[in-house]
Each structure stands twice: as C-alpha cells, then as structure tokens.
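Note sheet for the following structure.
Any read-out appearing in this document is the output of simple, stated calculations on the displayed coordinates, not a laboratory observation. In this text the structure is predicted, and so the values were computed from the model without any measurement. Here Cβ is always computed from backbone atoms with ideal geometry, including for glycine, and neighbour counts include all displayed protein chains.
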Amino acid sequence: MIIAVDGPAASGKGTVARALAEHFGLPWLDTGLLYRAVGISVVRADRDPRKPEDALAACDFPEALLDDPELRSEAAGKYASFVSAHPAVREALVDRQRVFANQPGGAVLDGRDIGTVIAPDADAKLFVTASAEARADRRYKDELRSSADADLAAILADIEDRDRRDSERANAPLKRADDADLLDTTNLTISAAVQRAIALVEARTGKR
Ligand code: CDP
Ligand code: CDP
C-alpha cells in the first residue's frame, strides 16, 4: 500500500504522513528533507543554489546530513525550493524515492510531487492544504519555541514566495493530482486532521 501526501509548506502534511505511517504500520519518507540536504550542502560549499550546476554537484550529500537539525530551518526550506526547481536535481533524487515507495508492504511519502510524479499509481493520495495565514501562524509558533524574535510578517512573506516558486516551476510543480483527496487543515486541530486523513485512506483502500 503506497500513500502519497502532498501539499504546501506548513500545511500539516508531515504530521499527517507520520500519523498515517504509524496507523497503518508503514515506513515514512519526508522527501522535503532530500531537497533540504541538497540546498544546505550547496550553501555550505559557498555555492549558489540557484545555479543548476552547483545544485547538481550537491546531490550526493552524505547520508548523515539528513539528521542535521539545521535542515528544519526556514532558510533550508528556501534553499531547497531553489535547488528543487532544477530538472537535473529532481531527476537525481527520483530513484531513491521510488525505491522507498515500492518496498514490499508499502510506504508513506510526503512532499510536493508524490501523487503526480513519484508514485502516480499510489493507492491513496492526500492533498493537504491550509490558508497561507494559518500556515504562517503555525511556523511562527514553532519558531517562538526556539527564538524570542520570530517575525510573523516575514514568515508569511517567505511562505508565499515558496508557494509561488513551487507552484510555478515547469518541472513537477506543486499541484493536486486529479485523484487526490483534499484535506484542508485551516480550521482543524492536529488530531482532527489525522482522524480525517485516516478515514480518507480507509475509504480509498478498504484497509484499516
Ligand atoms: O515542510 P515544508 O513544506 O516547509 O518543506 P519541505 O516539504 O521540507 O520542502 C522544502 C522544499 O523542497 C519545498 O518548498 C520544495 O521546493 C521542495 N520539495 C520538492 O520540490 N518536492 C518534494 N517532493 C519535496 C520538497
Ligand atoms: O510538513 P508540513 O510543513 O506541511 O507541516 P507540519 O510540519 O506537519 O506542521 C507544521 C506545524 O503546524 C507543526 O507545528 C504542526 O504541529 C502544526 N499543525 C497544526 O497546528 N495543525 C494541524 N492541523 C497540523 C499541523
């Protein structure tokens, strides 16, 4: 059973994907981490994530980088959205994601193009979304936990920029697959969103 979860930044797709993996006893891959690792590698090498050749050179990043807490920063999300626009970078990361998706027993993957490109034949597809304001507010609250000077207006502007870059790129843009169920989490608590996600996947797959 393959479950594809896509959506924009801070929509709650990671939270939903993790909970689905636990509920159905499946392994989970947060594919955004791969793009974040490439983005951080480029910047640490003093190169430019907007340049395709610099980004491609960073695609064989060391595995241990995936555990680096800096990958979770909003800056890493921005670098990821630069490198992810290069077709050669997406190409370099496809096999790894497909191998994960097609492992025996199945898997849950979350990202931007799982239901459209990585696993178009997934058994269940969710497109998780929320208003930009709600998403910025979530990131703001996350940031307040680690720093006193989080800036809500700046976070909202970053999220809107990233939405635009991810939706407008030519290659594998962020978009809802025709056969994906929409899950709008704007006014849902985490547990309500998770319950709804489980119900949608059960309805699609007949599995409990
Ligand atoms: O968690 P959040 O949505 O903020 O970010 P993420 O899922 O870690 O993704 C970071 C960036 O990587 C996105 O803004 C996309 O540009 C890119 N990405 C992508 O292009 N395709 C994916 N399957 C996953 C992430
Ligand atoms: O993976 P993605 O960037 O789409 O979002 P996430 O990391 O799952 O969620 C971003 C933040 O929003 C986290 O702090 C979640 O706990 C929170 N969240 C929420 O407040 N309400 C939801 N329905 C889902 C997530």
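Taken over the range 2-205, the ratio of Cα radius of gyration to 2.2 N^0.38 Å equals 0.98.
Under a cut-off of 16 Å between alpha-carbon atoms, report the lysines in cross-link reach of Lys125, not counting same-chain residues fewer than 8 places apart. Within the straight-line cut-off, Lys125 pairs with Lys13, Lys175, Lys207. In the range 2-205, Cα pairs under 8 Å separated by at least six residues give a relative contact order of 34 percent. With both residues required to sit in the chain, DSSP beta bridges show an antiparallel share near 0%. Find how many whole Å separate the alpha carbon centroid of the range 171-208 from the alpha carbon centroid of the range 28-78. Taking the Cα centre of each part, the range 28-78 and the range 171-208 sit 27 Å apart. Between Asn171 and Ala57, the simple spin-label model (points 7 angstrom out along Cα→Cβ) gives 1.8 nm. When only alpha carbons of the range 38-120 are considered, Rg and Dmax amount to 13.2, 41 Å. For the range 83-161, the alpha carbon positions stretch 45, 27, 22 Å along the principal axes, listed from largest to smallest.
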